[in-house]
2 protein chains.
Amino acid sequence: MPIGGAGARGRQRAALSRLAHEKSVDSTLGKLLDELEPYAATLPYDSNEASLIRVAKRDFERAIKVPSDHVARASAFGAESYEAWKRARPANDFATMLPFLQRGIDLGREYADFFAPYHHVADPLIDDADEGMTAASVRRLFAALRADLVPMVDSITEQSAADDRCLHGYFGESAQLAFCLSVIKRIGYDFQRGRLDKTVHPFCTRLSAGDVRITTRVFENDLTQALFSSLHEAGHALYEQSVDPVLEGTPLGRGASVGAHESQSRLWENVVGRSRGFWEYFYPLLQRTFPGQFDRVRLDTFYRAINKVERSLIRTEADEVTYNLHIMLRFELELKMLEGTLRPKDLPEAWRAGMDSYVGVVPSDDRDGCLQDVHWFSGIMGGGFQSYTIGNILSAQFYAAAIKANPNIPQEIAAGEFGTLHAWLRENLYRQGRKFKPSELVRRVTGEQMNTDPYLSYLRAKYADRIQA
Amino acid sequence: MPIGGAGARGRQRAALSRLAHEKSVDSTLGKLLDELEPYAATLPYDSNEASLIRVAKRDFERAIKVPSDHVARASAFGAESYEAWKRARPANDFATMLPFLQRGIDLGREYADFFAPYHHVADPLIDDADEGMTAASVRRLFAALRADLVPMVDSITEQSAADDRCLHGYFGESAQLAFCLSVIKRIGYDFQRGRLDKTVHPFCTRLSAGDVRITTRVFENDLTQALFSSLHEAGHALYEQSVDPVLEGTPLGRGASVGAHESQSRLWENVVGRSRGFWEYFYPLLQRTFPGQFDRVRLDTFYRAINKVERSLIRTEADEVTYNLHIMLRFELELKMLEGTLRPKDLPEAWRAGMDSYVGVVPSDDRDGCLQDVHWFSGIMGGGFQSYTIGNILSAQFYAAAIKANPNIPQEIAAGEFGTLHAWLRENLYRQGRKFKPSELVRRVTGEQMNTDPYLSYLRAKYADRIQA
């Protein structure tokens, strides 16, 4: 979007948000849903009809607590704050963002108060993204995970880091894009119902079930950006493209939660896309795509390079092992800002102290510090970070369940065949849309509650040769 | 858009059209406008406030005649028909489009009947695009113009056609796009409030006053497509980018009529962009953009090539002299289909007979015949073609007025300076937005009624050396 378009875009989004919200809280809708409840009670819990009535009712009861005016203000504020952040981050200008940060916190508290009483002010915001989770339950989950991750990071980083020079030559844009296209096509992304474009920040957007687009960005001196962001967004898109078509146009016709969604982007990006088997198939194709550049690079060297672990400053570029520590820091700071125990003006200092404690490196400026993520600077504060780690945890848990059902999947992947995995995820996870709460969904798909064991086992197996016993 | 997105896009457009229409016919709005009329009467006619009340009232009275249901049906039908046409035209498949054609005609009659009584069934449709014009007034205008154009075409095409081989070498896409960018930037298109992208069919779209985007298409074996479609769309965009910012967000904040808009796309594409002076400045740049390819082509040869006149099949590729004959044929057929004096199934035959009579060539299939334009196959039939010729007529009339006020403009153009022309058009035409009816606007800007004299003088002067006395 040209810079001159931002103001009107903000007003347009606010108007549409308000309109959509007004329709979603129409009292006629509430009455119709009340009338349908006895009928729903006669249907199987997991039928489409019962699920639709149940979820629509829950959405309605949530929506009527929020005034349309708040929705429109939050939307307009989000657009305005985002435009300011786009300029302030490269300028390392935290001072400009301070009043926006404060307003985001105020809006977060205002939003939470519509759902009072609550245990923690962040609970309603967390529940919006990952239904059923709370500040307390996320804190418990994160504390347990951190206890295992910190020694794992210590152990891996005590040794010399992997050599990733092979990823930093010159890789022409069109060749990179062609390679990304063939990879995501191969894993099952449907180009009849989507497309891949370039943007500054990669994303996946669902215009309808028949139009789920993804974007990527290309750095000609870094092979990993376009490739893994394409795989990440394709993971989101596989989910949206595979929701049961009969759910299209209903509140059930999309992914179950932010965390469940992130589990699929991370499953395809990391669990599959950074696996050795995946590259047994794709590495020869990569070598042909960039003639000469990988002639002397062994598959094993390449595999270690794309899985290099190091303490670093930028969340979106962090490896699988340290990534969650970045999230935990953000989650804690977010809770404190919402509680009022951390003043916005003290954020940069708290960030540096937290990075030192969680990740073990400290940024020299705010650009690579507390200004790096858009989340706190593009709308309501709160509930925006825990989903990434929930997604990582679930990515391994879902994948383990898929392997248990089809032990042949790893060999198929090494042969470039993704049909069994894709079909299993589609049947068990994707096609359900929003019929079930995340906790119900996890139990149905995996037979267990969400837990960190599969994820930790996955990391331990992957880095077995680098973790000291 | 991926093909899978069309269905939902159609439903979304229909929903938004219906919503927008419902708001525009709210009786509260009507009452408020009634209450404001006495106040408007105390204000100068050309004040923003009086104009806003006057135009909003006229829009309201027009809108309340059309049921929301019709708006939604027409919108959904338009999307569906367009998707069918995209496939049917390359397949030369008129039979598939016949029922769509019939429904478009039915919808056109249905729409017209909301405005009964009328002299001609096409009058309400023409009035929507070019307020104040009717089937009868357009027919009179066209008959007069045709009487002069036909002998002009005869006279020019009796001689051997211009040699345009220099336009049909190989011209790389990125070099063409870079050239287009520098040309439209130079004439004044504001990239802070717009951007240029590639699409199958070029267009200009206004998302807001601060975001007026244009598209083009590039043929690597034809230099003229990208260049002149960029200039054409940039002409539309200059108009929209220059409407007085205080009118933004009101019914006045866009161009005055379809014909007035087309006058600006044609002014910049043809009157300016195909003039000799324009190329005195840009030809050396073009030569540098395509090294070696124009070394032996004299400016005069190039100028004649881009102004080649010939009897041809495709409207959008027709030269300035024959172009209006294509429009006149379509306008006549459209009136007859709406009247019921031409049955849709007889359209291909009527097209061939008409092409023979108006242009002097006959297509061998419907793909290059009656299926070539999207207009009859993407929504309500009627009112869609006359604006092009009105635009041509006005392009010369507005330009003549600009030259009269600033006789130095042609010399400035030859020096690559477009500021005086752009500023004059902005002050006199663009910034007025929709404050005035087209007829009022033409009189204010040129001091005269719309008339064909400046346009015919322009063509006679341009082709003086090829028209036999």
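The values are calculated or read from the model by the stated rules, or taken from the named source; none is laboratory data. Note that this is a predicted model, so its numbers are computed, not measured. Positions of Cβ are backbone-derived with ideal geometry, glycine not excepted, and every protein chain shown enters the neighbour counts. Ligands, DNA and RNA are excluded from the accessible area calculation, which covers all protein heavy atoms including side chains. Shrake-Rupley method; radii C 1.70, N 1.55, O 1.52, S 1.80 Å.
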Please go through the stretch B:416-469 and pick out each residue that is open to solvent by less than 30 Å² (accessible area, probe 1.4 Å), outside any helix (DSSP H, G or I) and farther than 15 Å from B:ILE156 by Cα. B:GLY416, B:PHE418, B:LEU429, B:GLY433, B:LYS435, B:PHE436, B:THR452
Options A:LYS198, A:LYS185: the member that is among the charged types (D, E, K, R), more than 14 Å from the chain's Cα centre (by Cα) and over 21 Å from B:ILE3 (Cβ atoms): A:LYS198
Here is a check on your reading of the model: is B:VAL55 more than 14 Å from every other protein chain (Cβ to nearest Cβ), farther than 21 Å from B:GLY249 by Cα, buried (at least 18 other Cβ atoms within 10 Å of the Cβ) and of a type outside the set (D, E, K, R)? no
Considering every residue within the stretch A:279-300, establish whether at least one is open to solvent by 50 Å² or more (accessible area, probe 1.4 Å), over 19 Å from A:SER395 (Cα atoms), basic (Lys, Arg) and part of a loop (DSSP other than H, G, I, E, B). yes
Pairs under 8 Å by beta carbon, first residue more than 13 Å from chain A (Cβ to nearest Cβ) in the stretch B:4-27, partner open to solvent by 30 Å² or more (accessible area, probe 1.4 Å) and not in a helix (DSSP H, G or I), six or more apart or different chains? B:VAL25/B:ILE64
Criterion (under 30 Å from B:SER24 (Cβ atoms), touching a residue at least 60 places away in the same chain (Cβ under 8 Å) and either crowded, with 17+ Cβ neighbours inside 10 Å or of a type outside the set (Ser, Thr, Tyr) (or both)) met by exactly one of B:VAL271, B:VAL258: B:VAL258
Condition (residue is farther than 21 Å from B:HIS422 by Cβ, out of contact with any strand residue (DSSP E or B) (no Cβ under 8 Å at 6 or more places or on another chain) and of a type in the set (A, V, I, L, M, F, W, C)) applied to the stretch B:279-291: is it met by at least one residue? yes
Check the stretch A:70-84 and report whether any residue there is open to solvent by 60 Å² or more (accessible area, probe 1.4 Å), in contact with a helix residue (DSSP H, G or I) (Cβ under 7 Å, 6 or more places away or on another chain), more than 14 Å from chain B (Cβ to nearest Cβ) and among the basic types (Lys, Arg). no
Of all residues in the stretch B:402-415, which are open to solvent by less than 40 Å² (accessible area, probe 1.4 Å) and of a type in the set (Gly, Ala, Ser)? B:ALA402, B:ALA414
Would it be correct to say that B:VAL200 is within 14 Å of chain A (Cβ to nearest Cβ), more than 16 Å from B:TYR430 (Cβ to Cβ), hydrophobic (A, V, I, L, M, F, W, C) and touching a Lys or Arg at 6+ places or on another chain (Cβ under 7 Å)? yes
Apart from one, (1) surrounded by fewer than 16 Cβ atoms within 10 Å (Cβ to Cβ); (2) in contact with a helix residue (DSSP H, G or I) (Cβ under 7 Å, 6 or more places away or on another chain) all hold for B:PRO202; the odd one out is (1)
Select from the stretch A:301-331 the residues that are open to solvent by 40 Å² or more (accessible area, probe 1.4 Å) and not hydroxyl-bearing (Ser, Thr, Tyr) and list them in ascending order. A:ARG304, A:LYS308, A:GLU310, A:ARG311, A:LEU313, A:GLU317
Identify all residues within the stretch A:160-193 that are in contact with a helix residue (DSSP H, G or I) (Cβ under 6 Å, 6 or more places away or on another chain) and either within 10 Å of chain B (Cβ to nearest Cβ) or of a type in the set (Phe, Trp, Tyr) (or both); write none if there are none. A:PHE171, A:PHE179, A:TYR189, A:ASP190, A:GLN192, A:ARG193
Inside the stretch B:24-52, can you point out the residues that are surrounded by 13 or more Cβ atoms within 10 Å (Cβ to Cβ), over 28 Å from the mean Cα position of the chain (by Cα) and assigned to a helix (DSSP H, G or I)? B:LEU29, B:GLY30, B:LEU32, B:LEU33, B:LEU36, B:ALA40, B:GLU49, B:ALA50
Within the bounds of the stretch B:357-373, is there any residue that is open to solvent by 40 Å² or more (accessible area, probe 1.4 Å), without any contact (Cβ under 8 Å) to a residue 40 or more places away in the chain and of a type in the set (Lys, Arg)? no
Could you tell me whether any residue of the stretch A:223-234 is open to solvent by 10 Å² or more (accessible area, probe 1.4 Å), of a type in the set (S, T, N, Q), away from chain B (no Cβ under 14 Å) and touching a Ser or Thr at 6+ places or on another chain (Cβ under 6 Å)? yes
